[in-house]
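Novice: Below you'll find the structure I mean.
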Number of protein chains: 2
Amino acid sequence: MNYRLDIQYDGSRYGGWQRQKDTDNTIQGKIEDVLTKMLGTEVQIQGAGRTDAGVHAKGQVANFHADCEKSCEEICQYLNEYLPEDIEISKVSEAEERFHSRLNAKEKVYQYRIVSGIHKNVFERKYQCPLHETLDVNAMQEAAKYLEGTHDFKSFCSNKKMKKSSVRTIYSIEIVDLTQEIVITYTGNGFLYNMVRILTGTLIEVGRGRRKPEEMKGILEGCDRKEAGFTAPARGLTLLEVRY
Amino acid sequence: MNYRLDIQYDGSRYGGWQRQKDTDNTIQGKIEDVLTKMLGTEVQIQGAGRTDAGVHAKGQVANFHADCEKSCEEICQYLNEYLPEDIEISKVSEAEERFHSRLNAKEKVYQYRIVSGIHKNVFERKYQCPLHETLDVNAMQEAAKYLEGTHDFKSFCSNKKMKKSSVRTIYSIEIVDLTQEIVITYTGNGFLYNMVRILTGTLIEVGRGRRKPEEMKGILEGCDRKEAGFTAPARGLTLLEVRY
């Protein structure tokens, strides 16, 4: 059987999604450990998005193959009983045999939240970047228009050794100004390593007036990480949804 | 000068509002320490609601008397710079000389959030009570009607040695069923020690079918803590607003 997991997590305490050799303090590691305990045999799960350390998820998707006598509801209940309180399996369902959470993903939606007002919201503090600056949202929206579409996003990728194509399509970048908070929602067919955070850092620099919206064109053409802006902090970023 | 502070905090890490002799891990203690540092002389602040350990606030109010050359905005900025990230001063303003945050309070609004669905929301987990039970909300609403109004709430108070009057007026208890979550909002002229949590525990027992709504009358008349239900956990409770 091929099982699909829908997962949400507060990533604050973790070293990211992907299992690491030297530490199991990862979301993937925590889930695999509980599944391995449940099934009595080692299980590997495939996640749709390899979120960085400190990044959150409301709609992460993963899948794994296993023989299990439990129903989907029972697997879900077992996982939530043994997982820490900042990881929740929203749903377990049976997937088609060839379903692969990452390879079959058609669209991903990421959201970045920036505190623009003077005051922080103590209840949301772990899910927002505490910038506390007034940004020119119109300029940011104008810059975002240059980034939408199909481009080589090499300038917006931290992985220098990347050999595969760095061409991706961003369907939309929506920027909403909520007075105390600015929310940027990215929808695309895939995102490179650190790409959403570098896009956000670059847009923040536009919002500060340090870069002009039309500079985005040259940054994309440069295909060089040094052309783009800083990498915005992980805490403001949440993987909202993976669409198939 | 008499200064008014509007305060929000995530109470998870603290031993409650009120300063204690043996520990300064209280909200009042943290704020007084920063004010004392700022003014170079000891300051005592008066809080409107003495929230228990683990209880949160979105609209706590406090006041203090001091001679200070800084503007209200500067005091606010100073406090937020030195206070921990789970306490935020939303506003500092000048109050009338005789203003006392607790004695002048006319209404307080508390909110209690219960997770009724199977799944927790990892992002809200510290501000909700993880009950994960289906409750009969209609019965709870019926029971709440008996509790509204002016009554002796001695049965709903943990302080046995209380010598002062335990008569209070609850203007409204609103219970909203959000499918995954039940939210109870209490508005009253004042609340006794643990009163909102005991009211909530009692209403939960009604929702479970263990008590009938009409039993509320006898519980109030009994004037005995043993008559009422359990004390619901602190984490689900937030002081929303103090009205003057």
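The values are calculated or read from the model by the stated rules, or taken from the named source; none is laboratory data. From a predicted model like this one, the values you see are computed outputs, not experimental measurements. FYI the Cβ positions are ideal-geometry reconstructions off the backbone, even for glycines, and counts take in every protein chain you see. In case anyone asks, the SASA skips ligands and DNA or RNA and just uses the protein heavy atoms, side chains included. Shrake-Rupley method; radii C 1.70, N 1.55, O 1.52, S 1.80 Å.
Novice: Can you give me the relative contact order of chain B as a percent, contacts being Cα pairs under 8 Å and 6 or more apart?
Specialist: Relative contact order comes out at 24 percent.
Novice: May I pose another question? Are there trypsin sites (Lys or Arg not before Pro) in the stretch A:132-173 that DSSP puts in a loop and that have at most 13 other Cβ atoms within 10 Å, and which ones?
Specialist: Within the stretch A:132-173, the qualifying trypsin sites (Lys or Arg not before Pro) (loop, at most 13 other Cβ atoms within 10 Å) are A:Lys160, A:Lys161, A:Lys163, A:Lys164.
Novice: While we're on this one: Whose amide H sits under 5 Å from the amide H of A:Ser90, counting only residues 5 or more places off or on another chain, with H placed in the peptide plane?
Specialist: The list, which skips near neighbours in sequence, is A:Asp6, A:Ile7, A:Gln8.
Novice: Still on this structure, please answer the following. Name the residue from A:Ala144, A:Ser166, B:Gln28 whose Cα lies farthest towards the positive end of the charge dipole of the protein assembly as shown, charges +1 on Cβ of Lys and Arg and -1 on Cβ of Asp and Glu.
Specialist: Positive-end residue among those listed: B:Gln28.
Novice: Now, a different point. Short version: ³J(HN,Hα) in whole Hz for each residue of the stretch B:80-92, in order, from phi by Karplus 6.51 cos²θ - 1.76 cosθ + 1.60 (θ = phi - 60°), x for Gly and Pro, what are they?
Specialist: After applying 6.51 cos²θ - 1.76 cosθ + 1.60, I find 5, 5, 9, 6, x, 6, 9, 10, 10, 8, 6, 6, 10 Hz.
Novice: Taking a ≥ b ≥ c as the square roots of the Cα gyration tensor eigenvalues, with a/c under 1.5 meaning rounded and otherwise prolate when a/b beats b/c, else oblate, which class fits the stretch A:92-244?
Specialist: Because a/c hits 1.5 or more and a/b fails to exceed b/c, the stretch A:92-244 counts as oblate.
Novice: Once you have the Cα-Cα distance between A:Arg243 and A:Ser71, take 0.36 nm times their residue separation minus that, and quote the gain in nm to one decimal.
Specialist: 59.5 nm is the gain from fully extending A:Arg243 to A:Ser71.
Novice: Apply the a/c threshold of 1.5 to the C-alpha gyration tensor of the stretch A:27-174 and tell me whether it is rounded, prolate or oblate. Mind showing how you got there, number by number?
Specialist: Details: a/c = 2.62, a/b = 1.56, b/c = 1.68.
Verdict is oblate for the stretch A:27-174.
Novice: The stretch A:1-78: which chymotrypsin sites (Phe, Trp or Tyr not before Pro) are DSSP loop and have at most 13 other beta-carbon atoms within 10 angstrom?
Specialist: Filter output for the stretch A:1-78: empty list.
Novice: Further question: Report the relative contact order of the stretch A:70-159, percent, no decimals, based on alpha-carbon pairs under 8 angstrom and at least 6 residues apart.
Specialist: Reported relative contact order: 17 percent.
Novice: Would you please calculate the Kirkwood hydrodynamic radius of the protein assembly as shown over all C-alpha pairs and express it in Å, rounded to one decimal?
Specialist: That comes to 25.4 Å for the protein assembly as shown.
Novice: Return P(r) of the stretch B:2-95 (all Cα-Cα pairs; 5 Å bins starting at 0; whole %; ordered from short to long distances).
Specialist: Result, from short to long distances: 3, 15, 28, 30, 17, 7, 1 percent.
Novice: Then there's this: Give me a comma-separated list of calculated 3J(HN,Hα) values for the stretch A:15-31, in order, Karplus coefficients 6.51, -1.76, 1.60 applied at θ = phi - 60°, integers in Hz, x for any Gly or Pro.
Specialist: After applying 6.51 cos²θ - 1.76 cosθ + 1.60, I find x, x, 5, 6, 4, 10, 5, 8, 8, 9, 7, 10, 5, 4, x, 4, 6 Hz.
Novice: Given a 1.4 Å probe and heavy atoms of the protein chains only, how would you sort B:Lys226, B:Lys91, largest accessible area at the top?
Specialist: Output order, biggest surface exposure first: B:Lys226, B:Lys91.
Novice: Using the Cα centre as the reference, give the magnitude of the dipole from point charges on the C-beta atoms of the stretch A:2-95 (Lys, Arg: +1; Asp, Glu: -1; all else neutral), rounded to the nearest 20 debye.
Specialist: Roughly 300 debye, rounded to the nearest 20.
Novice: If you don't mind, there's one more thing I want to ask. Can you pull the one-decimal nm distance between simple spin-label points at A:Thr169 and A:Arg210, each 7 Å off the Cα toward Cβ?
Specialist: 3.3
Novice: Same structure, new question: Through the Karplus equation 6.51 cos²θ - 1.76 cosθ + 1.60, θ set to phi - 60°, convert the phi angles of the stretch A:61-77 into ³J(HN,Hα) values in whole Hz; use x for Gly and Pro.
Specialist: Values, residue by residue: 10, 9, 9, 8, 9, 6, 9, 9, 7, 6, 7, 4, 4, 5, 4, 4, 5 Hz.
Novice: Further, regarding this structure: Report the net charge of residues surrounding A:Ile27, where surrounding means a beta-carbon distance below 14 angstrom and charges are Lys +1, Arg +1, Asp -1, Glu -1.
Specialist: -4
Novice: So, one more: Calculate the length of the line joining the C-alpha centroid of the stretch B:14-52 to that of the stretch B:96-113, in whole Å.
Specialist: 17
Novice: Where only protein heavy atoms count, and the probe is 1.4 Å, what is the accessible area per residue for the stretch A:1-88 in Å²?
Specialist: I get 45 Å² per residue for the stretch A:1-88.
Novice: Quick one: grab the alpha carbon gyration tensor of the stretch A:126-177, order the square roots of its eigenvalues as a ≥ b ≥ c, and give me rounded if a/c is under 1.5, else prolate or oblate depending on whether a/b is larger than b/c.
Specialist: Oblate.
Novice: Find which of B:Leu83, B:Gly16, B:Cys68 sits farthest along the positive direction of the dipole of chain B, computed with +1 on the beta-carbon of Lys and Arg, -1 on that of Asp and Glu, about the Cα centre.
Specialist: Value computed over the given set: B:Gly16.
Novice: Taking the Cα centre of the protein assembly as shown as origin and charging only Cβ (+1 Lys, Arg; -1 Asp, Glu), how large is the dipole, in debye to the nearest 20?
Specialist: 520
Novice: Another question about this same structure. What dipole magnitude, in Debye to the nearest 20, does chain B give about its Cα centre under +1 on Lys/Arg Cβ and -1 on Asp/Glu Cβ?
Specialist: 980
Novice: Amide H to amide H, which residues 5 or more places from A:Ser116 or on other chains are under 5 Å from it, using H placed in the peptide plane?
Specialist: A:His132, A:Glu181, A:Ile182
Novice: Further question: Quick one: order B:Glu174, B:Glu133, B:Glu205, A:Glu42 from most to least accessible surface, probe 1.4 Å.
Specialist: Result of the area sort, largest leading: A:Glu42, B:Glu174, B:Glu133, B:Glu205.
Novice: Compare B:Glu142, B:Glu214, B:Glu74 in a GNM of chain B, Cα atoms joined below 10 Å, and give the one with the largest fluctuation.
Specialist: Looking only at B:Glu142, B:Glu214, B:Glu74, the biggest GNM fluctuation is shown by B:Glu74.
Novice: Say the cut-off is 24 Å between C-alpha atoms; which of B:Lys30/B:Lys161; B:Lys106/B:Lys154; A:Lys108/B:Lys126; B:Lys108/B:Lys145; B:Lys30/B:Lys91 go over it?
Specialist: B:Lys30/B:Lys161; A:Lys108/B:Lys126
Novice: List the relative contact order of the stretch B:137-202 as a percent without decimals, with contacts defined as Cα pairs under 8 Å and 6+ residues apart.
Specialist: On the way: 88 pairs, mean separation 21.8, N = 66.
Value for the stretch B:137-202: 33 percent.
Novice: From the protein chains alone at 1.4 Å, what is the descending order of accessible area for A:Thr187, A:Thr231, largest first?
Specialist: In descending accessible area the options line up as A:Thr231, A:Thr187.
Novice: Here's a follow-up. If amide hydrogens are placed 1.01 Å from N in the peptide plane, which non-local residues have theirs closer than 5 Å to the one on A:Cys223?
Specialist: Amide H neighbours of A:Cys223: A:Ser155.
Novice: If you don't mind, another one. Inside 10 Å of the C-beta atoms of B:115-124, what's the mean count of C-beta atoms belonging to other chains?
Specialist: On the way: counts 0, 0, 0, 6, 7, 6, 5, 14, 12, 3.
Per-residue shielding by partner chains comes out at 5.
Novice: May I ask for the accessible area buried between chains A and B, both sides summed, probe 1.4 Å, to the nearest 100 Å²?
Specialist: Between A and B, the summed buried area is about 2000 Å².
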